[in-house]
Amino acid sequence: MSIDDIEAEALKLDLKARARLAKKLLESLEALSDEENERLWVEEADRRDAAWDSVPGSGRSAPEVLRDARAKLR
């Protein structure tokens, strides 16, 4: 059974059952070891870095970002 099949079946559950399943899944993520948690964060950082590198010129300088943030706070 694929993850898509499992997801489709889970979405067929009634609200209470879906909430119970969601709670169990979230709890299972909280139980990750420090090493596993670090590995996942490194993978996510690598993914974001690769996405950033794949679109040249898409970044903004720190002064630009700060200027825009300050303007929004006014």
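The values are calculated or read from the model by the stated rules, or taken from the named source; none is laboratory data. What you see is a predicted model; the values in this text were computed from it and never measured. Quick note on the areas: whole protein, heavy atoms, side chains included, nothing else; ligands and nucleic acids left out. Shrake-Rupley method; radii C 1.70, N 1.55, O 1.52, S 1.80 Å.
General remarks:
- Degrees separating the helix 62-73 axis from the principal Cα axis of the chain, which is the longest one: 70 degrees
- Shown for the chain: the carbon plus sulfur share of the solvent-accessible area, taken with all protein chains present and a 1.4 angstrom probe, equals 58%.
- Accessible area in square angstrom per residue, the chain, 1.4 angstrom probe: 95 Å²
- By the rule of a C-alpha distance below 19 Å, with chain neighbours fewer than 8 residues away ignored, the lysines paired with Lys12 are Lys23, Lys24.
- Solvent-accessible surface (1.4 Å probe) assigned to Val42 amounts to roughly 70 Å².
- Sequence of Glu44, Glu64 when ordered by accessible area, the most exposed leading, probe 1.4 angstrom: Glu64, Glu44
- Straight Cα distances below 14 angstrom link Lys72 to the aspartates and glutamates Glu64, with same-chain residues fewer than 8 positions distant left out.
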